[in-house]
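The numbers here are math on the coordinates, done by the rules we state, and not lab data. Given the structure is predicted, the values throughout are model-derived calculations rather than measurements. Because the Cβ atoms are built from the backbone with ideal geometry, glycine has one as well, and the counts that use them run over all protein chains shown.
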Amino acid sequence: MTAQEVRLCGLLLQEHFGEVVERIGTHLLRGGAQNLRTIANETNTPLDLVKKSLCVLVQHGACEFGSGRRGPGSPVEYRASCERVLRVLRYPRYIYTAKTLYGDTGELIVEEVLQRGHMTMSNTVKTVADRLTHNMEEGRSMEYSEVVSAFSKLVETHFLQRCPPVAEMGTAATSTNPATPGTPAASASTAPPTAESNPDCYKLPHVTLIGRGKRRRSSDDSEEQRGGKKAKMDSESCGDEGIYWQVNFERFHQHFRDQAIISAVASKLDQTSSEIVRTMLRMSEVTTTQTAAYTQPLSANEIFRSLPPNYSISRPILDQYLSLLVDDPMEFVGKSGDSGGGMYVVNLQRALANLARATLESVVQERFGSRSARIFRLLLRKRHLEQKQVEDFAMIPAKEAKDMLYTLLSENLVQLQEIPKTPDHAPSRTFYLYTVNQLPTARLLLQHCYKTVANLIERRLFETKENKRLLEKSQRIEAILASLQASGAEPEQLTEVEEMITAPERQQLEALRHHINKLDSTENQVDETVFLLESYIFSTKTK
Amino acid sequence: MAGRGRGRGRGQMTFNLEDLGIGRGDSLPPTTFKPSPLFPPMPVQPVPLQTGEEVEYMLALKQELRAANKTLPFYIRRAAPKRDVDRYSDKYQSGEPKDSAIEWSPDWSRLPKELCIKVRKPLAKRHPPQVKQPKKPLVGKEEILTKLETLEKKEEAVNSEEEEDGEKKKTNEEEEQAEEEEFEEDFEEDTDYIMSYFDNGEEFGGDSDDNIDEATY
């Protein structure tokens with residue numbers, strides 16, 4: 001929970017849930033697990049606002065609660081999760097991926113579940129059907145069954161999962177059964193249950209939802225009718241109360257990682273080899289665990305059978321491609337045996353490490369120039385080098401090499417390692433070696449990325465605040481125009497209203513929109529780098 | 001002995017300056033007198049952003065999500081501070097939440113009991129509280145009338161000992177009615193003071209006609 005992470009989390013919470021939740025959330029992130037009273041006192045917020053904010057945070061999975069440290073009798077403690085809040089930055093990417101995989105229906109399902117934190121299946125289906133019906137033309141509406149089929153596809157491929165059941169807590173004090181004090185204590189001491197620990201995690205509930213989406217009309221009498229119908233619908237419980245579904249972020253991350261590997265292979269080798277790697281990854285989707293270093297071994301025969309039909313390559317060509325992939329210095333694919341025509345694995349961990357290394361190298365290149373990048377790559381490959389050796393290997397004149405090394409050193413991308421010859425560490429008798437450690441440098445760069453995104457958000461808020469008056473004016477004029485058009489006004493009235501914004505104001509608005517679009521787009525792109533570095537660091541942790 | 005190195009050369013240090021690459025004749029960069037600038041000029045321009053359909057779609061998604069968040073019940077605003085006087089527009093402008101209810105109904109079984117807050121009911125149920133209000137002043141008036149009746153009875157008991165029953169009763173009743181009216185007047189004006197005690201100063205100017213020579217204070 002570094003300072004940059006907390007700052008970024010605070011900004012994200014403020015944008016999505018308002019200042020009150022931001023205050024409570026930042027306080028929890030900084031202070032660790034706390035109970036309700038402590039939070040209210042230390043943040044000087046009224047108790048109901050604290051309760052509301054905690055409800056919102058728990059609803060979205062950003063906060064967990066558990067019984068206190070002093071045993072089952074102590075007040076409930078709340079813990080915020082920094083990681084989960086940072087996921088908010090990636091919502092557009094999740095929604096877009098769902099769209100590419102499962103179309104508009106899938107996109108809307110994922111969007112609804114992300115916005116609400118967690119929802120029951122029936123609720124999701126109804127809301128999505130209504131939204132789709134609203135966008136369709138008059139007279140057509142969306143069947144619930146289509147939405148249900150998209151939902152079940154998402155669950156089958158593990159993109160959606162059931163929310164973990166809530167652990168029993170705090171009941172020992174009021175339990176009517178004092179004979180079993182052991183069980184509440186035992187459940188309190190175990191870690192909070194994850195979604196995966198539930199065996200029914202990906203099982204769809206047996207609910208039959210029959211109906212069509214309702215179109216939202218602006219006329220009043222149909223609203224009253226709908227009000228009556230709505231009461232009826234709510235009163236009939238659909239049989240899946242208590243089963244809540246949330247988005248499985250890990251599965252999405254797996255998908256992004258696979259995409260990154262495939263595109264890296266495509267750009268390094270060619271399209272066919274990327275198709276082969278894609279096939280291998282698809283085959284091992286279900287059998288590979290989240291933290292595996294490499295996929296399960298696949299024989300060349302299996303790969304040949306599972307290739308997509310439009311990529312009809314002959315068997316010897318496939319073997320050649322596979323041996324090319326194995327020999328490639330990036331080591332995406334490895335050979336683990338010779339049975340079945342050759343057993344091949346995709347080296348996930350090594351691929352991630354190589355991708356992270358490529359990111360680091362490109363960062364150095366863009367910031368300091370290609371010669372500094374050459375020095376950086378040299379140090380990554382050769383590990384420890386003296387200054388003289390750096391100059392010789394990189395073929396750069398001494399003075400410039402020295403300059404570049406010191407710039408890199410001051411930015412902490414390169415470290416100095418001292419190796420003394422004598423026990424008194426005399427400087428004239430010590431080797432000073434330059435070195436680059438990939439993992440700490442990746443962590444450093446990740447923190448820089450968090451800081452960048454936080455700065456971008458702050459700049460966007462600043463720009464919006466500066467031009468607040470202008471934005472409000474343009475919104476009001478748009479509303480007036482819309483209402484005039486709806487009530488059928490003459491074109492002269494419309495132009496008159498439009499002229500209320502002067503030409504320089506229009507220019508200013510255009511410039512503002514352009515800036516905000518740029519800042520938003522940059523945030524999305526920085527998030528891609530964040531994802532790569534985070535995956536790499538996470539893969540090295542679990543060893 | 002300690003001062004021998006001072007002044008000669010650049011100053012002796014514990015390590016060899018040659019190793020760092022600063023030779024004998026080289027000049028060091030100038031010393032800085034102020035903190036580094038807030039926005040230093042960038043030596044290289046950053047790479048332009050990616051463009052394409054995917055990028056623009058995600059941008060639009062992001063902005064839509066941001067706008068939609070403000071309308072969802074999860075966006076928590078502080079309750080508006082109570083103003084000193086109730087204003088007429090309060091009835092029509094109900095933008096900000098005034099009480100501490102929660103706007104959506106979470107599944108309370110998944111939350112600890114201490115977080116339970118009442119859920120704000122929809123606005124349709126505003127009529128019942130208003131119906132009760134007209135009844136209260138009526139109750140107040142009834143109490144006043146019973147008090148007056150008890151006072152009447154006491155006065156009747158006092159006055160019944162006199163000889164002229166009919167006239168006096170009438171006058172008493174009139175007086176009592178007048179007193180009742182007076183009492184009602186006093187009650188209606190909601191003050192503790194009986195109106196006849198108040199001297200509103202209309203007779204004040206008349207006294208000064210006697211002594212015109214003397215100044216009035």
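Whole number please: convex hull volume per residue, Cα atoms of region A:1-156, in Å³. Don't skip to the end; give the middle numbers.
Details: hull volume 22.9 nm³, N = 156.
Hull volume normalised by residue count: 147 Å³.
Quick one: 3J(HN,Hα) in Hz for region B:37-52, Karplus 6.51/-1.76/1.60 with θ = phi - 60°, rounded, Gly and Pro as x.
Once θ is set to phi - 60°, the couplings for region B:37-52 become x, 5, 10, x, x, 7, x, 10, 7, x, 5, x, 5, 6, 10, x Hz.
How far apart, in nm, are the 7 Å Cα→Cβ label points at B:Leu38 and A:His384?
4.5
By its C-alpha gyration tensor, with a ≥ b ≥ c as the square roots of the eigenvalues, how is chain A shaped: rounded for a/c under 1.5, else prolate for a/b larger than b/c, else oblate?
On the way: a/c = 1.44, a/b = 1.37, b/c = 1.05.
Taking the square roots of the gyration eigenvalues as a ≥ b ≥ c, chain A is rounded.
For each pair in A:Lys518/B:Lys62; A:Lys465/A:Lys518; A:Lys51/B:Lys113; A:Lys268/A:Lys518; A:Lys335/A:Lys382; A:Lys99/B:Lys62, compute the distance between the two Cα atoms and list the pairs where it is over 20 Å. Don't skip to the answer; put the middle values down first.
Numbers: A:Lys518/B:Lys62 12 Å; A:Lys465/A:Lys518 17 Å; A:Lys51/B:Lys113 11 Å; A:Lys268/A:Lys518 30 Å; A:Lys335/A:Lys382 26 Å; A:Lys99/B:Lys62 14 Å.
In this structure, A:Lys268/A:Lys518; A:Lys335/A:Lys382 exceed 20 Å between Cα atoms.
Once amide H atoms are built 1.01 Å from N in the peptide plane, which residues 5 or more positions from A:Leu385, or in another chain, come under 5 Å H to H?
A:Tyr434
Quick one: compute a quarter of the convex hull surface over the Cα atoms of region A:398-518 and quote it in nm². Don't skip to the answer; put the middle values down first.
Values: hull surface 55.5 nm².
The orientation-averaged projected area of the Cα hull of region A:398-518 comes to 13.9 nm².
Using only the C-alpha atoms of region A:325-441, find the volume of their convex hull and express it per residue in Å³.
142
Please get the size of the charge dipole for region A:444-537, origin at its Cα centre, with Cβ charges of +1 on Lys and Arg and -1 on Asp and Glu, quoted in debye to the nearest 20.
Values: 11 positive and 17 negative charges, 88 e Å.
Rounded to the nearest 20 debye, it is 420 debye.
List the residues whose amide H sits under 5 Å from the amide H of A:Met119, counting only those 5 or more places along or on another chain, with H placed 1.01 Å from N in the peptide plane.
Amide H neighbours of A:Met119, under 5 Å, 5+ apart: A:Trp245.
Between region A:288-364 and region A:61-135, what is the separation of their alpha carbon centroids in Å?
Centre-to-centre (Cα) distance: 34 Å.
Any chance you could tell me what percent of the C-alpha pair distances in region A:81-127 go past 15 Å? All intermediate terms of the calculation are to be shown ahead of the outcome.
Working: 493 of 1081 pairs.
Summing the P(r) tail past 15 Å for region A:81-127 gives 46 percent.
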